[in-house]
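*Asks:* Can you read through this structure? Questions will come right after.
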Amino acid sequence: MQVFTDAAPSLVLAEGAGVVLGSLFHSHGAMERVTELDEDTCRRVTQTGGQTLIEEHWGDYVALLAAPHAATVVRPPFSDLPCIHADHYGLVLVASDLDLLARCGVSTDRPDWDEVAAHLRTGGLRGVQTCIEGVKELLWGNRLAVTAAGAQAERCWDPWQFARASRCCTRAELAEELRELTLACVEAQIRHLERLDVMLSGGLDSSILTACLVGAGLRPNCLNLPFGDAIGDERIYARIVARHFDLPLFEISPEVADVDVTLCGSPGLARPIGRTFRQASRLAKQRIVTATGAKGVVDGGGGDSLFCFTQSVSPVADRLRRHGLGRATLETTGDVARLTGASVPEVMVRALRRAYLRPPGYRWDLAHRFLSAAAIERGVPPAHAWLDAPHGALPGSANHIANMVVMENLIDISFGKPAEWSPLITQPLAEFCLSVPSWHWVENGHNRAVARRAFETLLPPEIAWRRGKGTPDGFVAAIFEANREKLAKFLIGGMLDEAGLLDTPTIAAALDPGQAVKGHDYNRILRIADVEAWVRALPNPPPTPLQAPSPTATDGAQPISDRPATTPPIFHDRPEP
C-alpha cells in the first residue's frame, strides 16, 4: 500500500500499519483531538479492520490500513473528506477527487448516463457507483477491503443500531444530554481556531450553533444573507440572536446578477451536487470574510436532519406501534395536528395507515418532470443500505434516517478559502439523535422539540420556539426569471438533451417568456441546469444517447391530501436535499 498526500498524515500507526488522514477525536469525555495512537489502540485498529476507530472515535478522516497482501480503507459516517476509488491496470486507486485520479491515469471524462439519469430522478440519492464511468464512492460508514481478488465494500456503521436503542428518558433529560453533547462536539472542532465567522440566518439550527461557539469561548462574527423577499429575509431574527450574544452582525444581500446558470457548482466532484444559487451566497460570504479576516466559516447545515425536522404522521405511527391507542398516543396526535394544520381525526387515520398498512421503510421520492421516458426507464434509483428498514423497525426511525441520507449532499461542496463546514454534522450527534423516540421530537405544534428544549435557556425565546422557517425559494425563482432565455439555449440541444435524458418540448414550454411558472418548475429546471453544467465541465464528455422504451412513463408524484387547496395540512418526511 502506498499513500500520497499534499499534507502530513494526521496519524501514523505503529509499525507501518497505516495512516489516518484528517481529524480524529475521542468519542467520550472532553472529546479531545487525537494526536497519537498508543500501541494497544493501533493493534486493535488493525485487528478489527478499523472498527475500533468507528466505535471509539469520530471526525473528518479516512483511514488506510495495511496488512500482508491486503489493505483496508475506512470511511466513517458524516465525514467531510470525500473518498472515491477506481480500478486501474490491476491497481485500486483511492482519492479525494477526480483530479487526483486523472493525474494517476484514470479516465474521468465519461459520464455514466444511467447514473446521471438516476441522480436526476432521485434528487441525488447516492449509491456506490458515481456519475463517472468506472469511478465508485466509498459511502459513509463503509470500509473497502482490497486484496489480490479486487476491492469489496462492506458496512462498518449502521444507523439502525442506534435507532433501535430507543432511550427511555423524559424530554427534559434528553434535552440536557443533547445540549451537553452538542456543545462538546462543536467545541472539539473549533477550539484551535481564533477567528471564525458563523452563518446566522436566525433559524433554530444556526442559532444553536452560535450558542455553542459562544459557549466554547469564541466571539464569532455573524453573517446574514437576506435573499430579498419576505420568506428569504430573516434579518430580524438574526439581529435578535446577535444582540442576545453581543456579537457583530454583517448583512449582505446575494445578487441575482452574481449567478451564472451555466457555471458548474461542483467541479472536480464525481456527482453534480452543486446548486446554482450558492454562487451568489458564496460570493457574498467571501466579501464579508475578506473584511473580517476569518480563518473559517461555519453554518448550521444538517440541523434539520439531525434534530428531526418533520411534518409527518410517523411519530404517531410509532406511538401506535409501541404503545397502542392510549393517552400518550393521543397527545402526540394533537402535537402533529397543531404542527401540520390537519385535524386530529385526519392525523389519526393517516397514522393508522402508516403504522399498519405500509412497510416501515422510507419511500424515496422520485421526480420525473422534464425527464424523457428513456431517462426514467434507465435511471434506476441506487440501493442505499441505510434505507433498508430491518424487521420491527418503526416508520419514524426510517424517516429520520432518510433525513440523514440527505446530508450526504450537504458536504463535498466547499471550495477555496477560508474553510467552510457544518460542525453539527457529527457521528456522536447523529447516534444520539437517532436513539431519541420520534414522538419526543414533536411537542405542542413544534418539530425539533428536544433541540428547542435543550437550548431554550441559551437562546431568546422567540428564537428557541420560533415556528416559521425561511427559504431561498424567492431568490431561486428570481434567478430563473432572469435567465429563461439563457437556460433554454443551455438545455435544449445540450449534453443531457443529446444523451436523450430530457423532455425538451416540456422544458421549452416552461421556459417560454410568456408562460407563467408552474409550482416549483423553476427549482426543477435549475437543478437540471446544475447537472448540465457539471457534465459540460468534464473534459470533452462524449454523449451516449439512451433509447426510449416503448411504454410511456409518467410522473410518480401522488397528491397527499383531498382537502381544498386553500387550507391544506402540510405533511412531509424529509427536508429538500
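*Asks:* Suppose we filter Leu139, Leu125, Leu93 for residues that are within 23 Å of Thr48 (Cα to Cα), among the aliphatic types (A, V, I, L, M), out of contact with any strand residue (DSSP E or B) (no Cβ under 6 Å at 6 or more places or on another chain) and surrounded by 15 or more Cβ atoms within 10 Å (Cβ to Cβ); which single one remains?
*Replies:* So the residue among Leu139, Leu125, Leu93 that is within 23 Å of Thr48 (Cα to Cα), among the aliphatic types (A, V, I, L, M), out of contact with any strand residue (DSSP E or B) (no Cβ under 6 Å at 6 or more places or on another chain) and surrounded by 15 or more Cβ atoms within 10 Å (Cβ to Cβ) is Leu139.
*Asks:* Which pairs turn up if I take residues in the stretch 453-467 that are on the phi < 0 side of the Ramachandran plot and look for partners that are of a type in the set (Lys, Arg) with beta carbon separation below 8 Å, at least 6 apart in sequence or on another chain?
*Replies:* Correct list of pairs: Arg453/Arg171; Ala454/Arg179; Phe455/Arg179; Leu458/Arg179; Ala464/Arg452; Trp465/Arg452.
*Asks:* Can Ala393 be described as touching a residue at least 60 places away in the same chain (Cβ under 8 Å) and assigned to a helix (DSSP H, G or I)?
*Replies:* Working: touching a residue at least 60 places away in the same chain (Cβ under 8 Å): yes; assigned to a helix (DSSP H, G or I): no.
In short, no.
*Asks:* Which ones in the stretch 88-132 are assigned to a loop (DSSP other than H, G, I, E, B), aliphatic (A, V, I, L, M) and more than 30 Å from Leu366 (Cα to Cα)? Spell out the reasoning first.
*Replies:* Within the stretch 88-132, the first condition is being assigned to a loop (DSSP other than H, G, I, E, B), and the residues that meet it are 89-90, 96-97, 104-110, 112, 123-128, 130-131.
Among the residues that remain, those that are also aliphatic (A, V, I, L, M) are: 106, 125, 128.
Of everything in the stretch 88-132, just one residue is assigned to a loop (DSSP other than H, G, I, E, B), aliphatic (A, V, I, L, M) and more than 30 Å from Leu366 (Cα to Cα), namely Val106.
*Asks:* Which of the residues belonging to the stretch 239-254 are assigned to a loop (DSSP other than H, G, I, E, B) and over 27 Å from the mean Cα position of the chain (by Cα)?
*Replies:* Filtering the stretch 239-254 down to residues assigned to a loop (DSSP other than H, G, I, E, B) leaves 246-248, 252-254.
Answer for the stretch 239-254, where residues must be assigned to a loop (DSSP other than H, G, I, E, B) and over 27 Å from the mean Cα position of the chain (by Cα): Asp246, Leu247, Pro248.
*Asks:* Taking the options Asp304, Asp260, Asp233, name whichever one is acidic (Asp, Glu) and not in a loop (DSSP other than H, G, I, E, B). Give the derivation first.
*Replies:* Details: Asp260 fails: not in a loop (DSSP other than H, G, I, E, B); Asp233 fails: not in a loop (DSSP other than H, G, I, E, B).
From the options Asp304, Asp260, Asp233, the qualifying one is Asp304.
*Asks:* Same structure again: Given (1) under 30 Å from Tyr237 (Cα atoms); (2) exposed (fewer than 15 other Cβ atoms within 10 Å of the Cβ), where does Gly493 come up short, assuming only one miss?
*Replies:* (1)
*Asks:* A further question on this structure: Checking the conditions here, which among Val450, Val436, Val380, Val442 is assigned by TED's automatic domain parsing to the domain that holds Tyr362 and either over 18 Å from Ala211 (Cα atoms) or modelled with pLDDT of 95 or more (or both)? Steps first, answer last, please.
*Replies:* Values: Val450 fails: assigned by TED's automatic domain parsing to the domain that holds Tyr362; Val436 fails: assigned by TED's automatic domain parsing to the domain that holds Tyr362; Val442 fails: assigned by TED's automatic domain parsing to the domain that holds Tyr362.
Only one candidate passes the filter, namely Val380.
*Asks:* When you look at Glu115, is it in contact with a Lys or Arg (Cβ under 6 Å, 6 or more places away or on another chain), buried (at least 16 other Cβ atoms within 10 Å of the Cβ) and either more than 17 Å from Ala270 (Cα to Cα) or not aromatic (Phe, Trp, Tyr) (or both), yes or no?
*Replies:* On the way: in contact with a Lys or Arg (Cβ under 6 Å, 6 or more places away or on another chain): no; buried (at least 16 other Cβ atoms within 10 Å of the Cβ): yes; either more than 17 Å from Ala270 (Cα to Cα) or not aromatic (Phe, Trp, Tyr) (or both): yes.
No, not satisfied.
*Asks:* Restricting to the stretch 37-87, what's the tally of residues that are of a type in the set (Asp, Glu), more than 30 Å from Val406 (Cα to Cα) and assigned to a loop (DSSP other than H, G, I, E, B)?
*Replies:* Pass one, the stretch 37-87, residues of a type in the set (Asp, Glu): 38-40, 55-56, 60, 80, 87.
Those left that are additionally more than 30 Å from Val406 (Cα to Cα): 38-40.
Right, trim to assigned to a loop (DSSP other than H, G, I, E, B) and you get 38.
The number of residues fulfilling the criteria is 1.
*Asks:* Condition first: small (Gly, Ala, Ser), surrounded by 17 or more Cβ atoms within 10 Å (Cβ to Cβ) and not in a loop (DSSP other than H, G, I, E, B). Can you find one or more residues in the stretch 270-281 that meet it?
*Replies:* The first filter runs over the stretch 270-281 and keeps only residues small (Gly, Ala, Ser), leaving 270, 274, 280-281.
From the residues that got through so far, the ones that are surrounded by 17 or more Cβ atoms within 10 Å (Cβ to Cβ) too are 270, 274, 280-281.
Add one more test, that the residue is not in a loop (DSSP other than H, G, I, E, B), and what stays is 280-281.
Yes - at least one qualifying residue is present in the stretch 270-281.
*Asks:* Still on this model: Which one of the conditions (1) over 28 Å from Ile425 (Cα atoms); (2) free of Cβ contacts under 8 Å to residues at least 40 places away in the same chain; (3) hydrophobic (A, V, I, L, M, F, W, C) does Ala95 fail to meet, given that it meets all the rest?
*Replies:* The failed condition is (1).
*Asks:* Right, next: Only one residue in Ala151, Ala175, Ala118, Ala102 is of a type in the set (A, V, I, L, M, F, W, C) and either in contact with a His (Cβ under 8 Å, 6 or more places away or on another chain) or under 25 Å from Leu13 (Cα atoms) (or both), so which one is that?
*Replies:* Details: Ala175 fails: either in contact with a His (Cβ under 8 Å, 6 or more places away or on another chain) or under 25 Å from Leu13 (Cα atoms) (or both); Ala118 fails: either in contact with a His (Cβ under 8 Å, 6 or more places away or on another chain) or under 25 Å from Leu13 (Cα atoms) (or both); Ala102 fails: either in contact with a His (Cβ under 8 Å, 6 or more places away or on another chain) or under 25 Å from Leu13 (Cα atoms) (or both).
Just a single option satisfies the conditions, and that option is Ala151.
*Asks:* Between Glu176, Glu180, which is surrounded by fewer than 20 Cβ atoms within 10 Å (Cβ to Cβ), under 25 Å from the mean Cα position of the chain (by Cα) and not in a loop (DSSP other than H, G, I, E, B)?
*Replies:* On the way: Glu176 fails: under 25 Å from the mean Cα position of the chain (by Cα).
Among Glu176, Glu180, only Glu180 is surrounded by fewer than 20 Cβ atoms within 10 Å (Cβ to Cβ), under 25 Å from the mean Cα position of the chain (by Cα) and not in a loop (DSSP other than H, G, I, E, B).
*Asks:* Same structure again: Checking the structure you have, find out if any residue of the stretch 442-461 is crowded, with 20+ Cβ neighbours inside 10 Å and in contact with a Pro (Cβ under 6 Å, 6 or more places away or on another chain). If you could, list the steps in order and put the result at the bottom.
*Replies:* To start, the set of residues in the stretch 442-461 that are crowded, with 20+ Cβ neighbours inside 10 Å comprises 442-443, 447-455, 459.
With the extra rule that they be in contact with a Pro (Cβ under 6 Å, 6 or more places away or on another chain), the set shrinks to 442.
Within the stretch 442-461 (the criterion being crowded, with 20+ Cβ neighbours inside 10 Å and in contact with a Pro (Cβ under 6 Å, 6 or more places away or on another chain)), the answer is yes, since at least one residue qualifies.
*Asks:* Which numbered condition trips up Lys285, out of (1) within 27 Å of Leu196 (Cα to Cα); (2) basic (Lys, Arg); (3) in a loop (DSSP other than H, G, I, E, B)?
*Replies:* All conditions pass for Lys285, except number (3).
*Asks:* In contact (Cβ under 8 Å) with a residue 40 or more places away in the chain and among the hydroxyl-bearing types (Ser, Thr, Tyr): is that true of Thr276 in this structure? Steps first, answer last, please.
*Replies:* Values: in contact (Cβ under 8 Å) with a residue 40 or more places away in the chain: yes; among the hydroxyl-bearing types (Ser, Thr, Tyr): yes.
It is true that Thr276 is in contact (Cβ under 8 Å) with a residue 40 or more places away in the chain and among the hydroxyl-bearing types (Ser, Thr, Tyr).
*Asks:* Now for a separate question. Since Gly474 meets every condition but one in (1) at pLDDT below 95; (2) part of a helix (DSSP H, G or I); (3) touching a strand residue (DSSP E or B) at 6+ places or on another chain (Cβ under 9 Å), which condition does it not meet?
*Replies:* Against the list (1) at pLDDT below 95; (2) part of a helix (DSSP H, G or I); (3) touching a strand residue (DSSP E or B) at 6+ places or on another chain (Cβ under 9 Å), Gly474 comes up short only on (3).
The values are calculated or read from the model by the stated rules, or taken from the named source; none is laboratory data. Bear in mind the structure is a predicted one, so any value in this text is a computation, not a measurement. All Cβ positions, even for glycine, are placed from backbone atoms using ideal geometry, and neighbour counts span all protein chains on display.
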